[in-house]
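Trainee: Following this message is one structure expressed as structure tokens.
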Amino acid sequence: MWLRRDLRLSDLPALSTARGTDDSSVLLCFVVDPRLEKSSGERRLAFLFDSLREVDAKLDGKLLVVRGRPDEEIPRLAKVVDAEAVHISADFTPFGRRRDEAVAEALGEIPLEATGSPYLVSPGRITKDDGEPYKVFSPYFRRWHQHGWRKPADSSIPGSAVLDPSQVTKSARITIPEAPTTLSFPAGEDAALARWAEFVDDDLAHYDTGRNDPAADVTSRMSAYLKYGNIHPRTLAADLAKGDGPQAYLRELAFRDFYADVLFHWPHSLWHNWNRQFDDIELDTDDDAYERFEAWKAGRTGFPLVDAGMRQLAETGWMHNRVRMVTASFLVKDLHLPWWWGAEWFLDQLVDGDMASNNHGWQWAAGTGTDAAPYFRVFNPEAQAKKFDPKGEYVRRWVGDVDADDYPEPIVDHKAEREEALRRFGAI
Ligand SMILES: Cc1cc2nc3c(=O)[nH]c(=O)nc-3n(C[C@H](O)[C@H](O)[C@H](O)COP(=O)(O)OP(=O)(O)OC[C@H]3O[C@@H](n4cnc5c(N)ncnc54)[C@H](O)[C@@H]3O)c2cc1C
């Protein structure tokens, strides 16, 4: 069983498949891939390593962790234990698909068998009647709902069924690396289940109304757990009864599936405009642009809600969804910078950084994605603050006193930049 973005032991169908009907023994392993180590921000690595430490502890120290290229390490381990098959939960990102194809090929006769995925409905599973993928969320959501999903799986296997790596291979095993930074909340399956139970008790019923209030901070904080598979969305969906709160929550889980589906069908949309009609828009990339970018990253734009969001991100690795929308819109429409600059910074900082949700969230804000906000709708950061943080609590929490001498003046004039954004859109 080769673990990847499924770092848990319960509700893990691939593990049950690995065990099989003939009660096979299973070696559980994880390959630290230097390519991903290089491209992941410190917080994501910390979350990953802490999650691995928890799985290892649950397996009484029997998780085999190695470092290297999976297409070399997995076939080597499969040979050492004379594996009948290598089991995985499917991965659908462009990188993950290429990697898994390479591993399947390198395994030769030994099958690479995928059971389940990190989604309620796997990418590519539902299409329009004519077989085309959905480009708009609402009809996708209706079909998604009709399609449905399974109940959580019982994937417990006896400890005696887990192969002890020290019995089968002495070479190459590494100690799980230390977390390179501290996290603002704990990683792992136990923490995910505890946080979910707390959210269900306290905030789920009012999620539909509370989710847009950054100061109240009543969203579930499941994103990083979902990203690393510390919990499967099936486990969450099983607790979502009727009612506005739970149903609003289910819709957000559908958004996660939708963006993964979009990426599956249009892999170029990771770093390029999904809608290529926007390719010719004029963007600022000169020295001034870099200076404005630095001010945005540091939370020193002089727009309190934007700065509060950017500081929350820098300090904690997480930002409230409403503020992600406002800060992203500001980068694209007030500063006229390429959305992928912002997307890259988010991925570097976020503990929940996820290619599909992040980059399509950015494309939504830029107006270049599927279902995008219409390009002519330009968020006014002050109006957004009045509406969603009317008492200024969120801003005070992250910025402090915006009347203080050391708080910067606005780096741009929103009204003028709005006109400028519309002019640039008009030009294409
Ligand atoms: C510019 C931008 C970048 C984003 N980057 C990421 C990212 O890297 N990783 C990430 O998981 N989410 C991202 N999101 C979506 C959303 O902001 C986060 O999922 C959410 O804030 C996480 O907090 P939560 O778990 O408390 O959310 P909740 O409100 O409790 O939502 C529950 C779950 O639903 C899913 N979800 C909610 N909103 C969205 C959404 N708009 N798109 C996709 N899935 C959603 C998430 O898995 C989330 O954990 C981004 C949104 C924007 C606008």
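The values are calculated or read from the model by the stated rules, or taken from the named source; none is laboratory data. In this text, all values refer to a predicted model and were calculated from it rather than measured experimentally. Positions of Cβ are generated from backbone atoms using ideal geometry, with glycine treated the same way; all protein chains shown enter the neighbour counts.
Trainee: Any residue in region 249-262 that is part of a helix (DSSP H, G or I), under 23 Å from VAL55 (Cα atoms) and more than 9 Å from the ligand (Cβ to nearest atom)?
Mentor: The first filter runs over region 249-262 and keeps only residues part of a helix (DSSP H, G or I), leaving 249-262.
From what is left, the residues that are under 23 Å from VAL55 (Cα atoms) are none.
Scanning region 249-262 turns up no residue that is part of a helix (DSSP H, G or I), under 23 Å from VAL55 (Cα atoms) and more than 9 Å from the ligand (Cβ to nearest atom).
Trainee: Go through (1) in a helix (DSSP H, G or I); (2) more than 29 Å from VAL168 (Cα to Cα) and name the single condition GLU73 misses.
Mentor: Looking at each condition in turn, GLU73 falls short on (2).
Trainee: Mind listing whichever residues of region 334-345 are within 9 Å of the ligand (Cβ to nearest atom) and either among the aromatic types (Phe, Trp, Tyr) or at positive phi (or both)? Step through it out loud before you land on a result.
Mentor: We begin by selecting, within region 334-345, every residue within 9 Å of the ligand (Cβ to nearest atom); these are 339, 342-343.
TRP339 - this is the single residue of region 334-345 that is within 9 Å of the ligand (Cβ to nearest atom) and either among the aromatic types (Phe, Trp, Tyr) or at positive phi (or both).
Trainee: What number of residues within region 67-103 satisfy the criterion of being of a type in the set (Val, Ile, Thr) and buried (at least 21 other Cβ atoms within 10 Å of the Cβ)?
Mentor: Taking region 67-103 and keeping what is of a type in the set (Val, Ile, Thr), we get 74, 80-81, 86, 88, 93, 103.
Imposing the further condition that a residue be buried (at least 21 other Cβ atoms within 10 Å of the Cβ) reduces the set to 74, 86, 88, 103.
Number of matching residues: 4.
Trainee: Same structure again: Being over 13 Å from ASP71 (Cβ atoms) and either in a loop (DSSP other than H, G, I, E, B) or hydroxyl-bearing (Ser, Thr, Tyr) (or both) is the filter here, so list the residues in region 87-109 that pass it.
Mentor: SER89, ALA90, ASP91, PHE92, THR93, GLU109
Trainee: Shifting gears a bit: Would region 346-366 turn up any residue that is aromatic (Phe, Trp, Tyr), closer than 22 Å to SER40 by Cβ, outside any loop (DSSP other than H, G, I, E, B) and more than 10 Å from the ligand (Cβ to nearest atom)? It would help to see each step written out before you state the result.
Mentor: Step one: of region 346-366, the residues aromatic (Phe, Trp, Tyr) are 346, 362, 364.
Checking which are closer than 22 Å to SER40 by Cβ leaves us with 346, 362.
Within this subset, residues satisfying the condition of being outside any loop (DSSP other than H, G, I, E, B) are 346, 362.
Within this subset, residues satisfying the condition of being more than 10 Å from the ligand (Cβ to nearest atom) are none.
No, because not a single residue in region 346-366 is aromatic (Phe, Trp, Tyr), closer than 22 Å to SER40 by Cβ, outside any loop (DSSP other than H, G, I, E, B) and more than 10 Å from the ligand (Cβ to nearest atom).
Trainee: In this structure, does LEU236 turn out to be surrounded by fewer than 20 Cβ atoms within 10 Å (Cβ to Cβ), over 25 Å from GLN312 (Cα atoms) and outside the structural domain of ASN359 (by TED's automatic domain parsing)? Explain how you work it out, then say what you get.
Mentor: Working: surrounded by fewer than 20 Cβ atoms within 10 Å (Cβ to Cβ): no; over 25 Å from GLN312 (Cα atoms): yes; outside the structural domain of ASN359 (by TED's automatic domain parsing): yes.
No: the conditions fail for LEU236.
Trainee: So, one more: Taking region 297-318 on its own, how many of its residues are among the hydrophobic types (A, V, I, L, M, F, W, C), crowded, with 24+ Cβ neighbours inside 10 Å and more than 13 Å from the ligand (Cβ to nearest atom)?
Mentor: 3
Trainee: Continuing with this model, one more query. Just checking, how many residues over region 295-338 are hydroxyl-bearing (Ser, Thr, Tyr) and in a loop (DSSP other than H, G, I, E, B)? Before the answer, list the steps.
Mentor: Residues of region 295-338 that are hydroxyl-bearing (Ser, Thr, Tyr), as a first pass: 301, 316, 327, 329.
With in a loop (DSSP other than H, G, I, E, B) added as a condition, the list becomes 301.
Number of matching residues: 1.
Trainee: Here is a follow-up. Considering each residue of region 319-333, count those that are out of contact with any Ser or Thr (no Cβ under 8 Å at 6 or more places or on another chain) and more than 7 Å from the ligand (Cβ to nearest atom), and give that number. Spell out the reasoning first.
Mentor: First, pick out the residues of region 319-333 that are out of contact with any Ser or Thr (no Cβ under 8 Å at 6 or more places or on another chain): 322-329, 331-333.
Then drop every residue that is not more than 7 Å from the ligand (Cβ to nearest atom), which leaves 322-323, 326-327, 329, 331-333.
The qualifying residues number 8.
Trainee: Quick check on region 104-141: of everything there that is over 24 Å from ALA373 (Cα atoms) and among the hydroxyl-bearing types (Ser, Thr, Tyr), which residue is surrounded by the fewest Cβ atoms within 10 Å (Cβ to Cβ)?
Mentor: If we take residues in region 104-141 being over 24 Å from ALA373 (Cα atoms) and among the hydroxyl-bearing types (Ser, Thr, Tyr), then THR115 is surrounded by the fewest Cβ atoms within 10 Å (Cβ to Cβ).
Trainee: Given the residues SER184, SER166, which is the only one that is touching a residue at least 60 places away in the same chain (Cβ under 8 Å), outside the structural domain of TYR225 (by TED's automatic domain parsing) and polar (S, T, N, Q)? Reasoning before the result, please.
Mentor: On the way: SER166 fails: touching a residue at least 60 places away in the same chain (Cβ under 8 Å).
The unique qualifying residue is SER184.
Trainee: Still on this model: Which members of region 376-417 meet the condition of being within 16 Å of the ligand (Cβ to nearest atom), within 16 Å of SER329 (Cα to Cα) and out of contact with any Pro (no Cβ under 7 Å at 6 or more places or on another chain)? Even if it seems obvious, please write down each step before you answer.
Mentor: Step one: list which residues in region 376-417 are within 16 Å of the ligand (Cβ to nearest atom), which gives 377-379, 381, 384, 388-389, 394, 398.
After this cut, where a residue has to be within 16 Å of SER329 (Cα to Cα) as well, the list is 377-379, 381, 384, 388.
Scanning region 376-417 gives ARG377, VAL378, PHE379, PRO381, GLN384.
Trainee: OK, next. With the requirement that a residue be touching a residue at least 60 places away in the same chain (Cβ under 8 Å) and more than 24 Å from the chain's Cα centre (by Cα), what does region 77-102 give you?
Mentor: LEU77, VAL80, VAL81, GLU84, ALA85, VAL86
Trainee: If you don't mind, another one. Do the conditions hold for ARG292, that is, is it in contact (Cβ under 8 Å) with a residue 12 or more places away in the chain, among the basic types (Lys, Arg), within 16 Å of the ligand (Cβ to nearest atom) and assigned to a helix (DSSP H, G or I)? It would help to see each step written out before you state the result.
Mentor: Working: in contact (Cβ under 8 Å) with a residue 12 or more places away in the chain: yes; among the basic types (Lys, Arg): yes; within 16 Å of the ligand (Cβ to nearest atom): no; assigned to a helix (DSSP H, G or I): yes.
So ARG292 fails the test.
Residue by residue, here is whether (1) within 30 Å of LYS38 (Cα to Cα); (2) without any contact (Cβ under 8 Å) to a residue 60 or more places away in the chain; (3) in a helix (DSSP H, G or I) holds:
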{"position": "LYS135", "(1), (2), (3)": "no, no, no"}
{"position": "ILE157", "(1), (2), (3)": "no, no, no"}
{"position": "LYS170", "(1), (2), (3)": "yes, yes, no"}
{"position": "ILE174", "(1), (2), (3)": "yes, no, no"}
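Trainee: Would you point out which residue out of ASP334, ASP287, ASP348, ASP352 is crowded, with 24+ Cβ neighbours inside 10 Å and charged (D, E, K, R)?
Mentor: Details: ASP287 fails: crowded, with 24+ Cβ neighbours inside 10 Å; ASP348 fails: crowded, with 24+ Cβ neighbours inside 10 Å; ASP352 fails: crowded, with 24+ Cβ neighbours inside 10 Å.
Step by step, each of ASP334, ASP287, ASP348, ASP352 is checked, and only ASP334 is crowded, with 24+ Cβ neighbours inside 10 Å and charged (D, E, K, R).
Trainee: Output yes when any residue across region 182-197 is acidic (Asp, Glu) and within 20 Å of PHE388 (Cβ to Cβ), and no when none is. Walk me through it before giving the result.
Mentor: The first filter runs over region 182-197 and keeps only residues acidic (Asp, Glu), leaving 189-190.
Narrowing further to those that are within 20 Å of PHE388 (Cβ to Cβ): none.
There is no residue in region 182-197 that is acidic (Asp, Glu) and within 20 Å of PHE388 (Cβ to Cβ).
This table checks each residue for (1) in contact (Cβ under 8 Å) with a residue 60 or more places away in the chain; (2) among the acidic types (Asp, Glu); (3) assigned by TED's automatic domain parsing to the domain that holds LEU253.
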{"position": "LYS297", "(1), (2), (3)": "no, no, no"}
{"position": "MET310", "(1), (2), (3)": "no, no, no"}
{"position": "THR316", "(1), (2), (3)": "yes, no, no"}
{"position": "GLU344", "(1), (2), (3)": "no, yes, no"}
{"position": "GLN349", "(1), (2), (3)": "yes, no, no"}
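Trainee: Let me ask something else about it. Every residue in region 214-230 that is more than 13 Å from the chain's Cα centre (by Cα) and either crowded, with 22+ Cβ neighbours inside 10 Å or within 11 Å of the ligand (Cβ to nearest atom) (or both), please. Before the answer, list the steps.
Mentor: Pass one, region 214-230, residues more than 13 Å from the chain's Cα centre (by Cα): 214-220.
Scanning region 214-230 gives PRO214, ASP217, VAL218, THR219, SER220.
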